[in-house]
2 protein chains.
Amino acid sequence: MIQLAPVAGIPEVTPGDALGELIGRALPGPLHRGDVLVVAQKVVSKAEGRLVRLDTVTPSEFAVSVARTLGGKDARLIEVILGETKRIVRMDHGVLIVETHQGFVCANGGVDLSNVDGGTTASLLPLDADGSAAHIAGAVETATGLHIPVIISDTFGRPWREGLVDVAIGVHGMVALRDHRHQSDPHGYTLRATVLAEADQLAAAAGLLFRKNSGVPACIIRGFDYQEGEGAAQHLLRNPEHDLFR
Amino acid sequence: MIQLAPVAGIPEVTPGDALGELIGRALPGPLHRGDVLVVAQKVVSKAEGRLVRLDTVTPSEFAVSVARTLGGKDARLIEVILGETKRIVRMDHGVLIVETHQGFVCANGGVDLSNVDGGTTASLLPLDADGSAAHIAGAVETATGLHIPVIISDTFGRPWREGLVDVAIGVHGMVALRDHRHQSDPHGYTLRATVLAEADQLAAAAGLLFRKNSGVPACIIRGFDYQEGEGAAQHLLRNPEHDLFR
């Protein structure tokens, strides 16, 4: 049995807030050893001040051109996205897919106007979400005495499939990718391609509680047998040299 | 609170087995209205006889060539994969990504040697996994009196990210994609890009219980507020004309 319990009742988060403490106070009950905490990216970005007011942005000539090419986007928003961008992966059909400086490949570099202040301020991904996860784990340990794994999640689109799913953009305190290769299945077959993105599956499960307007920015997952060890969302990023879709 | 309860104790499934009845008998307790059943693809394929013994396969010249290009794969397995293939999307680095006749884009067309009989028999995806889900929902209704949504899940890889996650390849009885566009967030911002692949997130959550060798081929998800309506995994497939990564 696996249980997902919402962490609710966290007040509106603003830059400089001690998010880990706020979460520690809002936990739905005592933590158990083996619990995993998943925190939605938006509150992490707000606490870390990863916000840009669009009226402070002067778009470059290139940003103006990209905005036009994409069918009339706000050039200031494009400027903010380009600031997060290491490389443009695709730019077509009104969609801008980029690789961020952190190595994530996603639409708009993770820059988003929703759930901030009504559309005048953009939120950016944390600069180092693995570090954010570690920081929150430390604050939760201070509040509860237990050091549990923490995942920072965000909703990303995918090629080939419609709709967004939550994935892990920050991981601390557990192995992000579980490697079953070279193990045998019950029929004696040696598994070849079985590396499971367990941190992403935990993020997706948590996403069931992080619905828009739910007021739930975090949850506790209880009963999942995660693999202890050093973890990092960076481990989830495919080496560009082995990626067939760049 | 969301709960994931494993459906365990199902005997080894063989072609012709009434899988829905087997699941109905193995449920971990009485169903509740609002429960969702997720079933792993492998047992569905076995029950439907979607199995091919490799020693019955004669590879074509093309399959032999592809097997060689991919670095010495079994040409008979490639022949089986090509039988599932509408179009080869990528063929490189020892990896074969195809679009199946059902429209899924995935490695090896969903053909898999694991968890069958030790490596001499390949399992194929169900011919119509939406239909499989509907069929199982009917059998579960007969056993319990409740008609609940059913998702068939399989583990797929992704571009850009390492590791497999479970996705929905069959959906019955719920809306697969929840559309939040044109709704407002709590700050009055009108959401633009927010379509959530809820069936995929349910599949990923269930995947936390479907670990290799767990003996858990199905689970009940309780407490998720899914959207009622006609559903189909086909709705999760991006229109190729709008897909930037074909």
### Summary
Picked from segment B:115-135 (must be modelled with pLDDT under 95 and touching a Lys or Arg at 6+ places or on another chain (Cβ under 8 Å)), the residue nearest to B:GLY49 (Cα to Cα) is B:VAL116
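For (1) under 16 Å from the mean Cα position of the chain (by Cα); (2) without any contact (Cβ under 8 Å) to a residue 40 or more places away in the chain, each residue gets a yes or a no:
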| residue | (1), (2) |
| --- | --- |
| A:ARG25 | no, no |
| A:LEU37 | yes, no |
| A:LYS46 | yes, no |
| A:ARG53 | no, no |
| A:ALA63 | no, yes |
| A:LEU77 | no, no |
| A:ARG87 | no, yes |
#### Entry: So A:GLN3, is it surrounded by 14 or more Cβ atoms within 10 Å (Cβ to Cβ), farther than 13 Å from A:ALA218 by Cβ, at pLDDT 95 or above and under 22 Å from the mean Cα position of the chain (by Cα)
yes
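Given the options B:LEU202, B:LEU209, name the one that is over 25 Å from B:LYS86 (Cβ atoms) and assigned to a loop (DSSP other than H, G, I, E, B). Reasoning before the result, please.
Values: B:LEU202 fails: assigned to a loop (DSSP other than H, G, I, E, B).
Of B:LEU202, B:LEU209, the one residue that is over 25 Å from B:LYS86 (Cβ atoms) and assigned to a loop (DSSP other than H, G, I, E, B) is B:LEU209.
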### Message
If a residue must be under 15 Å from B:VAL167 (Cβ atoms), touching an Asp or Glu at 6+ places or on another chain (Cβ under 8 Å) and among the small types (Gly, Ala, Ser), how many such residues does segment B:133-154 contain?
### Response
1
## Note on the structure
Within segment B:77-100, restricting to residues that are part of a helix (DSSP H, G or I) and crowded, with 20+ Cβ neighbours inside 10 Å, the one that is nearest to the other protein chains (Cβ to nearest Cβ) is B:LEU77
### Message
Could you tell me how many of the residues in segment B:65-75 are surrounded by fewer than 16 Cβ atoms within 10 Å (Cβ to Cβ), without any contact (Cβ under 8 Å) to a residue 12 or more places away in the chain and outside any loop (DSSP other than H, G, I, E, B)?
### Response
2
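Out of segment B:125-180, which residues are among the acidic types (Asp, Glu), within 14 Å of chain A (Cβ to nearest Cβ) and either assigned to a strand (DSSP E or B) or farther than 24 Å from A:CYS106 by Cβ (or both)? Before the answer, list the steps.
Restricting attention to segment B:125-180, the residues satisfying the condition of being among the acidic types (Asp, Glu) are B:128, B:130, B:141, B:154, B:162, B:166, B:179.
If we keep only those that are within 14 Å of chain A (Cβ to nearest Cβ) as well, we get B:154, B:162, B:166, B:179.
Answer for segment B:125-180, where residues must be among the acidic types (Asp, Glu), within 14 Å of chain A (Cβ to nearest Cβ) and either assigned to a strand (DSSP E or B) or farther than 24 Å from A:CYS106 by Cβ (or both): B:ASP154, B:ASP166, B:ASP179.
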### Query
If we keep just the residues of segment A:201-226 that are surrounded by fewer than 20 Cβ atoms within 10 Å (Cβ to Cβ) and polar (S, T, N, Q), which is modelled with the highest pLDDT?
A:SER214
### Query
Hey, any hits in segment B:227-245 for a residue that's at pLDDT 95 or above, farther than 18 Å from B:PHE104 by Cβ, surrounded by 16 or more Cβ atoms within 10 Å (Cβ to Cβ) and more than 7 Å from chain A (Cβ to nearest Cβ)?
no
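Taking the condition more than 14 Å from chain B (Cβ to nearest Cβ) and either modelled with pLDDT of 95 or more or farther than 21 Å from A:ALA133 by Cα (or both), does A:PRO15 pass?
Values: more than 14 Å from chain B (Cβ to nearest Cβ): yes; either modelled with pLDDT of 95 or more or farther than 21 Å from A:ALA133 by Cα (or both): yes.
Criteria met by A:PRO15.
The values are calculated or read from the model by the stated rules, or taken from the named source; none is laboratory data. Predicted, not measured: the structure shown is a model, and the values here were computed from it. In this analysis, Cβ positions are derived from the backbone assuming ideal geometry, glycine residues included, and neighbour counts consider all displayed protein chains.
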